Structure formats: C-alpha cells, structure tokens
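> There's a structure below that I have some questions on.
The values are calculated or read from the model by the stated rules, or taken from the named source; none is laboratory data. Since the model is a prediction, treat every value here as computed from it, not as a measurement. Reconstructed Cβ throughout: ideal geometry from the backbone, glycine too, with neighbour counts over all protein chains shown.
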Amino acid sequence: MKRRRTFDLVSYLQRLHLLPERLTRKTEAEDLLKQLYDHEKSTGKAPDRLTSRDLHLSPEQLEALQRELEREGLTEPGALRLTEAGRQRALELTRAHRLYELYLAEHSGYAPEDWHRIAHAEEHKLTEREHERIARLLGNPLFDPHGDPIPTSQGTEPTIPHSLSIEELTEGQWYYVEHIEDDEPESFRLLIDAGLTRDSLFRLNRLESARSQIYYEGEALELPTFAFVALTLRPAKEEELKESHSEDTIRLTRLPEGVEAT
C-alpha cells in the first residue's frame, strides 16, 4: 500500500483563519486540558502556573482558555487543578487519539510520521459512539502502534513498563521493543525506517557513543545511538528466543532467489 503524507488540517485552517472561532477555541482548550492532565500524571500535582510562551499562545488567549475550562467545570475555581470531570475528559481525548492512531496504522496508507498529526485533528471531533465503534473494529486494543496505553471506556489505562536507560543495555543481549516514543520526530523516523515496531525483537551487536548496531530480522543495522532514547526495551527471556526463532528470521526482501517463505 502506498504511503501518503498529510498535514495537520486543524492547524492549517487556523493559520488561514478558515476554522470557526468556536471550533478553534474548543481545540485549544482541549489541548490545554490534556497538557494539564499529563503534567498532573507525571508530577503528581497541578502546575503552579502556565506561561503563554511555552504553549505558543498570547497571554490573552491563555487566560481565555483557562476561564473556559473553569466555566465548563473541568478545572477547579481559581486553580489549574483538574476536576474529576476534567480528568475524565482528558482520558477520553487520549483514548480517541490513540485509537485513531492504531486505526491509521492498520487501515490506511499514511506514513507513520503522519499518524500523530491526523489523530490530533480527529480526537476533537470523534464522539463516544465512534470511539467504541473503532475500538470494536480493532479488537479493543490495550496499546497504540507506539506502545502507549489506550485508556478504556471506564477511564483506566495499562501502565508502561520501566524503560532501560542506554547505560543499562548490554552488547549481545536480545531485547523486545515495548514502546516507541514519537515525540522526537527524528528518532521516531529513524526507528520506523529501520523497520522497528512495538514487539520487535533484536540483538544489540554493538553499543557506542555515536553509532550502534543491532541484528534484526537477518540484517545488521546501524543506528545513531541517540535514537535508542525513544525505545522502551526489556531483555528477552531464553524461552521467548526459542519460540521466536529469532536467529533464523530474515526479511522477505533478503530471501535468496528461488527460496520461498514458510
């Protein structure tokens, strides 16, 4: 299937002032809501303050969005702390985004680096009924194509395992990919171009400060070492290696002429 590239339609229409102000404000308010939720989840508390510069908004825009979230009952009065309704809405947006990314991965020809932008535009438009229809189509998945947990319709989400640091990796060890972070576009593109996905299994042949080498599907691949930061890895168990036949696995494109896959 041919890979297609696209752009963030919402952002494009906003720049041209072709999106109704009401829809633009709703999208920006929900983006702010998700940022507040992510901050609360990672730090355990609400932020003391927000700067308009960090959010690429004017001070007036930021103040208006904060008032809107408070008016909708999504944040507590005079604070940046989410209410239970605010947390639930943030989880609904996250669920919509990650479900749609997986839908694009499995049912479209869009390039992986485009999934996030398209899903960001759609997350603000999908209804709860559409969430559930997509979830059923995909078999009620637990993770998106990057390995990020998909919140359930009840508002719970699986946890991401602890990520090994580069210093913890060992040459000669086989590793499973449990998550690929897409927040760093360059690292994400390098890993995707190498063919790595969630549940990929590779052996770390060489680990150096600038470039490293992995053995994956019958090929020795060179990668910039900085790209490994985007991977959540766990060591493969001996019984998993036996079941996977990882040493004998090669890509179809590497099969000798006249040899068929089995």
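> Answer yes if at least one residue in the stretch 195-218 is over 30 Å from residue 243 (Cα atoms) and modelled with pLDDT under 90, and no otherwise.
no
> Please state which one of 128, 72, 132 is more than 26 Å from residue 184 (Cβ to Cβ), surrounded by fewer than 17 Cβ atoms within 10 Å (Cβ to Cβ) and modelled with pLDDT under 90.
On the way: 72 fails: modelled with pLDDT under 90; 132 fails: modelled with pLDDT under 90.
Criteria check complete, one pass: 128.
> Among (1) within 12 Å of residue 145 (Cα to Cα); (2) not in a helix (DSSP H, G or I), there is one condition residue 125 misses while meeting the rest; what is its number?
(1)
> Next up: Only one of 99, 50, 93 is modelled with pLDDT under 90 and in contact with a helix residue (DSSP H, G or I) (Cβ under 8 Å, 6 or more places away or on another chain); which?
Working: 99 fails: modelled with pLDDT under 90; 93 fails: modelled with pLDDT under 90.
Sole residue among the options that is modelled with pLDDT under 90 and in contact with a helix residue (DSSP H, G or I) (Cβ under 8 Å, 6 or more places away or on another chain): 50.
> Taking residue 162, is it of a type outside the set (Gly, Ala, Ser) and surrounded by 15 or more Cβ atoms within 10 Å (Cβ to Cβ)? It would help to see each step written out before you state the result.
Values: of a type outside the set (Gly, Ala, Ser): yes; surrounded by 15 or more Cβ atoms within 10 Å (Cβ to Cβ): no.
So residue 162 does not fit the description; no.
> Also, I was wondering about something else. In the stretch 174-198, what residues are surrounded by fewer than 19 Cβ atoms within 10 Å (Cβ to Cβ), under 10 Å from residue 112 (Cα atoms) and either touching a residue at least 40 places away in the same chain (Cβ under 8 Å) or in contact with an Asp or Glu (Cβ under 9 Å, 6 or more places away or on another chain) (or both)?
Within the stretch 174-198, 189, 192 meet the criteria.
> Does the stretch 85-105 include one or more residues that are surrounded by fewer than 19 Cβ atoms within 10 Å (Cβ to Cβ), out of contact with any strand residue (DSSP E or B) (no Cβ under 6 Å at 6 or more places or on another chain), touching a residue at least 40 places away in the same chain (Cβ under 8 Å) and part of a loop (DSSP other than H, G, I, E, B)?
No, the conditions are met nowhere in the stretch 85-105.
> What are the residues in the stretch 55-69 that are free of Cβ contacts under 8 Å to residues at least 12 places away in the same chain and within 28 Å of the chain's Cα centre (by Cα), if any?
Just the residues of the stretch 55-69 that are free of Cβ contacts under 8 Å to residues at least 12 places away in the same chain, to begin with: 56, 58-60, 63, 67.
Of everything in the stretch 55-69, those that are free of Cβ contacts under 8 Å to residues at least 12 places away in the same chain and within 28 Å of the chain's Cα centre (by Cα) turn out to be 56, 58.
> Here is a follow-up. (1) over 29 Å from residue 115 (Cα atoms); (2) acidic (Asp, Glu); (3) loosely packed, with under 12 Cβ neighbours inside 10 Å; (4) at pLDDT 95 or above: which one isn't true of residue 171, the others all being true?
All conditions pass for residue 171, except number (3).
> List the number of the failed condition for residue 118; all other conditions in (1) within 24 Å of residue 227 (Cβ to Cβ); (2) of a type in the set (Val, Ile, Thr); (3) surrounded by fewer than 14 Cβ atoms within 10 Å (Cβ to Cβ) hold.
With respect to (1) within 24 Å of residue 227 (Cβ to Cβ); (2) of a type in the set (Val, Ile, Thr); (3) surrounded by fewer than 14 Cβ atoms within 10 Å (Cβ to Cβ), residue 118 is out only on (3).
> Among what's in the stretch 149-192 and is part of a loop (DSSP other than H, G, I, E, B) and in contact with a helix residue (DSSP H, G or I) (Cβ under 6 Å, 6 or more places away or on another chain), pick the residue that is farthest from residue 110 (Cα to Cα). It would help to see each step written out before you state the result.
Keep residues of the stretch 149-192 that are part of a loop (DSSP other than H, G, I, E, B), which gives 150-165, 169-173, 181-184.
From the residues that got through so far, the ones that are in contact with a helix residue (DSSP H, G or I) (Cβ under 6 Å, 6 or more places away or on another chain) too are 150-151, 155, 181-182, 184.
On the way: 150: 21, 151: 24, 155: 29, 181: 18, 182: 15, 184: 19 Å.
That would be 155.
> Quick one: in the stretch 37-53, of everything that is more than 21 Å from the chain's Cα centre (by Cα) and within 21 Å of residue 25 (Cα to Cα), which residue is surrounded by the most Cβ atoms within 10 Å (Cβ to Cβ)?
Going through the qualifying residues, I end up with 50.
> Residue 28 is checked against (1) among the charged types (D, E, K, R); (2) at pLDDT 80 or above; (3) surrounded by fewer than 17 Cβ atoms within 10 Å (Cβ to Cβ); (4) closer than 20 Å to residue 123 by Cβ and fails just one. What number does that condition carry?
Tallying (1) among the charged types (D, E, K, R); (2) at pLDDT 80 or above; (3) surrounded by fewer than 17 Cβ atoms within 10 Å (Cβ to Cβ); (4) closer than 20 Å to residue 123 by Cβ, residue 28 fails exactly one: (3).
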